[in-house]
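Engineer: Let me begin by handing over the structure; questions about it come next.
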Amino acid sequence: MSRRNRKHGLDVTTDTPIILRSGLITAEMIKSVVGKCEYSNNTQNDKVRAPGMKYRHYSPKCKTALFKRSELDKAMEFYNQVLKSGLTPYYMCDDEIAKKLIGNLLNLGKTAIDIASNLYDALHKGEKLADVLIAFEVQTGSDVDVGIMNRLSKACERR
């Protein structure tokens, strides 16, 4: 087995499964099957036991900005500044935010599962199309949001 194949997002080598990296499978899902599950308390000095556990993981080659949902006006102002400077901005957001925006857009979808499934494709597409990718925090109410925001915050600069 290759080194890469031995790295997983879930450690099942102890009595209690431990989620090393949040994702589509949540602690609540695992608890419903085996009765218990915990999240790993990763620190910066820990040995990497799953891909994406370090401070930075995948980041697009273009500039990025990450805004809170409540910062819609601020993000639109930033978009217009980027546009006026001669660069190409793109928004990257869920369906709810997308309905409030005008401009270049990468819609991640409506549900947490859609968003998680589309995130890396949108980041890759965004780096090809945009000089600046403007993303918004995800807040669907699902436990999957934790994993999405982990990846999104590692990929984008907080504004």
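Engineer: Name the single residue, out of those in the stretch 26-60 being modelled with pLDDT of 75 or more and within 16 Å of the chain's Cα centre (by Cα), that is nearest to V12 (Cα to Cα).
Structural biologist: Among residues in the stretch 26-60 that are modelled with pLDDT of 75 or more and within 16 Å of the chain's Cα centre (by Cα), the one nearest to V12 (Cα to Cα) is S59.
Engineer: Name every residue in the stretch 135-149 that is of a type outside the set (S, T, Y) and either under 19 Å from E71 (Cα atoms) or in a loop (DSSP other than H, G, I, E, B) (or both), in order of residue number.
Structural biologist: A135, F136, E137, V138, Q139, G141, D143, V144, D145, I148, M149 - these are the residues of the stretch 135-149 that are of a type outside the set (S, T, Y) and either under 19 Å from E71 (Cα atoms) or in a loop (DSSP other than H, G, I, E, B) (or both).
Engineer: Another question, then. Among the residues of the stretch 106-130, write down those that are surrounded by fewer than 16 Cβ atoms within 10 Å (Cβ to Cβ) and either of a type in the set (A, V, I, L, M) or touching a Cys at 6+ places or on another chain (Cβ under 8 Å) (or both).
Structural biologist: Listed by number, the residues that qualify are I113, L129.
Engineer: Here's another thing I want to ask about it. Could you please give the count of residues in the stretch 98-118 that are without any contact (Cβ under 8 Å) to a residue 60 or more places away in the chain, of a type outside the set (S, T, N, Q), more than 19 Å from A75 (Cα to Cα) and in a helix (DSSP H, G or I)?
Structural biologist: So the answer is 3.
Engineer: Still on this model: Can you tell me which residue is surrounded by the most Cβ atoms within 10 Å (Cβ to Cβ) among those in the stretch 62-96 that are without any contact (Cβ under 8 Å) to a residue 12 or more places away in the chain and not in a helix (DSSP H, G or I)?
Structural biologist: By that ranking, first place goes to S85.
The values are calculated or read from the model by the stated rules, or taken from the named source; none is laboratory data. These numbers were taken from a predicted model, which means no experiment stands behind them. Glycine also receives a Cβ, built like all others from the backbone with ideal geometry; neighbour counts cover every protein chain displayed.
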